[in-house]
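> Below is the structure I would like to discuss, written out as structure tokens.
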Amino acid sequence: MKKITLSILMIFLSGILFAQNEVDALRYSQEYYGGSARYLALGGAFSALGGDLSSITLNPASTGIYTRSEFTFTPSFFYSNTSSNFNESKNYDYKYNVNINNIGVVLSSGKLSEDGGGISTFNFAFGYNRLNNFNNRLLISGVNNTSSYSDYFAQLANGKSTNNFNNFAEGLAWDGYLIDPIDSSGTSYKTSFDSYGETQRRSVSSKGGSGNYYAAMGLSYKKKLYIGASLNVDVVNYTESSIYDESDPDDKISDFNSFTYTQYLKTEGSGFNMKLGIIARPINWFRFGASIHSPTFYKLKDTYSSKLTTSFNDKTKSKNLSSGEGIYDYQLNTPFRANAGLAFIIKKSAIISIDYEYLDYSTARLRANDYPFYEENNTIETSYIATGNIKAGLEYRFGPISLRGGYAMYGSPYRSNLSNAGASLTSYSGGFGVRTNDMFFDLTYIYSQKSENYYLYNPEKISINPAKINYTANRIVATLGLIF
């Protein structure tokens, strides 16, 4: 079983790969709901509203609101920009992506009871909504006068004999002459550098996403109470490539020229969950909605590899090394979720909607048949917290045209004693829609931003300043809907 322990402070992109740990648990537990243009324009505040195919992922009771069948399709254009500041050196990078944010159909029974008595509708819905977009690029560069990644390799090696080294990390560093033994005991190591002042750089490129396939059933009772349930399959596809290098352009380190450490990780898999929800409409201008989501029980597969190239003045020490490919299968249980929302309909022309989502990231758990994950699950429990996500939206209609705006704040999952305790993600959205009796078109723009600290290697083992990271994402989402 491969294992590299990561500091919780490093979570933004993993940066250190080849371990199933708190980084993976958080990445696949966080859900920044995608969906239709109208859903996103209102910040995703649809627990009490319903009537949108994307809202079924949030609250399956939305299925019961329909009185006509509907099909929607939502492509999305995504652009992310990430800037970094490491030891007063600033860099930025960006990435584009086009994807399908939503596709689905609801099959409605129509109005079963014209007088509002008994069961009014009984509907089924099937579809897909995107949960996460992992496409991003990060570039960090700066001069470090106090430490090196080779120090971190030495810390990973300490306490081990050379035949027990991890071939994806310290084993490469040993074969590449980046670490040396301290004494004859053979289990204590140090960097091979005699001084510092090297230029450190890391480029990380990630791609992929996660999404939710659902089959839902919903009904309405006397047009006042809507009840729904869904069975869901969530899928994950994540790829990350990291290139880390250190160089000595000013010849401050004896014999050393440079090294490049390249890492690759691909995670893919799927999981299932169940959801139950209700929406109540006690009076025409007010709605209340709530839903619960079971944990998602993922089965995941990691494929990973690493390479190391070193260059010294002594050419006999210069190496080009490869770990080969590793594969590992494991499971992840994500947190239970609970959603509640209020919606106000004003004179059939305006909608105000507010949602709150609760989840406890510390309850995520990694599992495998051949490894207990004691340390990793303990880190999850002691580093993450319960938090809330707040979403709000406003829509104003005049004739067939609607104008919309929204806000969402996804709370930080980190405990208050950690570097990224305040690292929440905030989104602002706006858009419009045009609707006729048989079709509709919606267009929305969403801007999201997040700031975090990123460490090139574990600061609990080797002292290093964090890189200050500012992440922004821009999405343009269009939905075409057919009513039949």
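> In the set Lys319, Lys307, Lys315, Lys301, which member is within 20 Å of the chain's Cα centre (by Cα) and farther than 23 Å from Leu359 by Cα?
Every option except Lys301 fails the conditions.
> Further question on the same structure: Mind checking whether some residue in segment 259-269 is among the aromatic types (Phe, Trp, Tyr), in contact with a helix residue (DSSP H, G or I) (Cβ under 9 Å, 6 or more places away or on another chain) and closer than 16 Å to Leu172 by Cα?
Yes; the residues of segment 259-269 include at least one that is among the aromatic types (Phe, Trp, Tyr), in contact with a helix residue (DSSP H, G or I) (Cβ under 9 Å, 6 or more places away or on another chain) and closer than 16 Å to Leu172 by Cα.
> Looking only at segment 197-225, which residues are over 25 Å from the mean Cα position of the chain (by Cα) and part of a strand (DSSP E or B)?
If the condition is that a residue be over 25 Å from the mean Cα position of the chain (by Cα) and part of a strand (DSSP E or B), then Glu198, Thr199, Gln200, Met217, Gly218, Leu219, Ser220, Tyr221, Leu225 are the ones that fit.
> Of everything in segment 210-240 that's in contact with a Lys or Arg (Cβ under 6 Å, 6 or more places away or on another chain) and either at pLDDT 95 or above or β-branched (Val, Ile, Thr) (or both), which residue is farthest from Tyr177 (Cα to Cα)?
So the residue we want is Ser230.
> For segment 352-400, enumerate the residues that are aliphatic (A, V, I, L, M) and touching a Lys or Arg at 6+ places or on another chain (Cβ under 8 Å).
Once the filter is applied, which keeps residues that are aliphatic (A, V, I, L, M) and touching a Lys or Arg at 6+ places or on another chain (Cβ under 8 Å), segment 352-400 yields Ile354, Leu359, Ile380, Ile385, Leu394.
> Of all residues in segment 232-247, which are touching a residue at least 40 places away in the same chain (Cβ under 8 Å) and closer than 19 Å to Ser54 by Cα?
Asn232, Asp234, Val236
Let's see how each residue does on (1) surrounded by fewer than 17 Cβ atoms within 10 Å (Cβ to Cβ); (2) within 17 Å of the chain's Cα centre (by Cα); (3) not in a strand (DSSP E or B):
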residue	(1), (2), (3)
Ile227	no, no, no
Ser230	no, no, no
Ile243	yes, no, no
Glu246	no, no, no
Leu265	no, yes, no
Met274	yes, no, no
Ile279	no, no, no
Arg287	no, no, no
Ile292	yes, no, no
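> Here's something else I'd like to know. Do we find that Ile327 is in contact (Cβ under 8 Å) with a residue 40 or more places away in the chain and either part of a strand (DSSP E or B) or aromatic (Phe, Trp, Tyr) (or both) in this structure?
no
> Same structure, new question: Does Gly422 fit the bill of being without any contact (Cβ under 8 Å) to a residue 40 or more places away in the chain and surrounded by fewer than 21 Cβ atoms within 10 Å (Cβ to Cβ)?
So Gly422 passes the test.
> Just to verify a result, which residue in segment 84-139, among those that are at pLDDT 95 or above and among the small types (Gly, Ala, Ser), is farthest from Ser210 (Cα to Cα)?
Among residues in segment 84-139 that are at pLDDT 95 or above and among the small types (Gly, Ala, Ser), the one farthest from Ser210 (Cα to Cα) is Ser89.
> Is there any pair linking a residue in segment 395-417 that is within 22 Å of Ile346 (Cβ to Cβ) to one that is in a loop (DSSP other than H, G, I, E, B) and aliphatic (A, V, I, L, M), with Cβ under 7 Å and at least six apart or on different chains, and which?
Glu395/Leu42; Arg404/Leu42; Gly406/Leu42; Gly406/Ala45
> Criterion first (of a type in the set (Asp, Glu), surrounded by fewer than 17 Cβ atoms within 10 Å (Cβ to Cβ) and within 28 Å of Leu480 (Cβ to Cβ)) does Asp442 satisfy it?
no
> Shifting gears a bit: Give the residue, chosen from Lys468, Lys461, that is in a strand (DSSP E or B), among the basic types (Lys, Arg) and touching a residue at least 40 places away in the same chain (Cβ under 8 Å).
None of the others qualify; the one that does is Lys468.
The values are calculated or read from the model by the stated rules, or taken from the named source; none is laboratory data. Computed from a prediction, not measured in an experiment: that's the story for all the values here. Positions of Cβ are generated from backbone atoms using ideal geometry, with glycine treated the same way; all protein chains shown enter the neighbour counts.
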